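The values are calculated or read from the model by the stated rules, or taken from the named source; none is laboratory data. This one's a predicted model, so the numbers in the text were calculated from it and none came from an experiment. A quick note on method: Cβ atoms are made from the backbone with ideal geometry, for glycine too, and the neighbour counts reach across all protein chains shown.
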């Protein structure tokens, strides 16, 4: 069962979605893909200065090797460049067949794909499951075209030092799942997430000083496409609880609406995000336009406004090149 690496790109959420074939012999395929994205960005933060922002820099290698007529071995390595240092954010192996795809190692959780926003940067605060990748991840995904599902687990893993105690958190664990279905032009899904002993200094600014926290939540999402028009909406609830003090917790409701219209190679999008937690609520509205210069090249501009305290008008212009 020979499959191209394009089908495997859904496994690597951080990887670019273009690709160059390096090797294809006797069913063994090796591809490389990359992305470079730079923005001129002015965020919502008070007194912040506009500047160039290196939003994305990725390089990924993927391979598939046929083991039998119905089973492939798959693997990937990917690297990030955004912070000036080269970081290996994916290194996994696994198996793929009619049963789905099972992978192990450093990779992104299903939760990394959650959200329906059509913003580039100015969607405001929204869904936050805190941990969306790790080294100790086992993940299974299945998709038969109409129905799709997945489950993954972050096994016990050491995280960076907690900002409150100054100690490493070596018991962080996550289990999560996704279940979805496609009916004609409608795509609906739900994400479920449960994390324990997660290191976090704060959630949503200074609203909640977490320390080591447990995270429980879900997000319901739906997208509907009518020709050139795409509409999407979501609603989620997440609870953050301090492990050392269960009375110290934060309950958050989040909702989002977004829509887009594509005319030839130009796409216009508009969206709204709402966040409601114990002591406050914040919303943001944004609009953007994207011009597809080539299947691998796009330029875009976005503006946004948030009603958070001391927020400023936000804007950006950016360009992304894939290979």
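Points worth noting:
- Exactly one residue out of 113, 69, 83, 98 is surrounded by fewer than 18 Cβ atoms within 10 Å (Cβ to Cβ) and in contact with a helix residue (DSSP H, G or I) (Cβ under 9 Å, 6 or more places away or on another chain), and it is 113.
- Residue 132 at pLDDT below 95, surrounded by 17 or more Cβ atoms within 10 Å (Cβ to Cβ) and under 23 Å from residue 187 (Cβ atoms): yes
- Residue 40 vs. criteria closer than 30 Å to residue 282 by Cα, modelled with pLDDT of 90 or more and not in a loop (DSSP other than H, G, I, E, B): yes
- Filter result for residue 56 (outside any loop (DSSP other than H, G, I, E, B) and at pLDDT below 90): yes
- Qualifying residue in region 253-264 (condition: at pLDDT below 95 and farther than 21 Å from residue 44 by Cβ): no
- Positions within region 250-300 being free of Cβ contacts under 8 Å to residues at least 12 places away in the same chain and assigned to a strand (DSSP E or B), in sequence order: 281, 294
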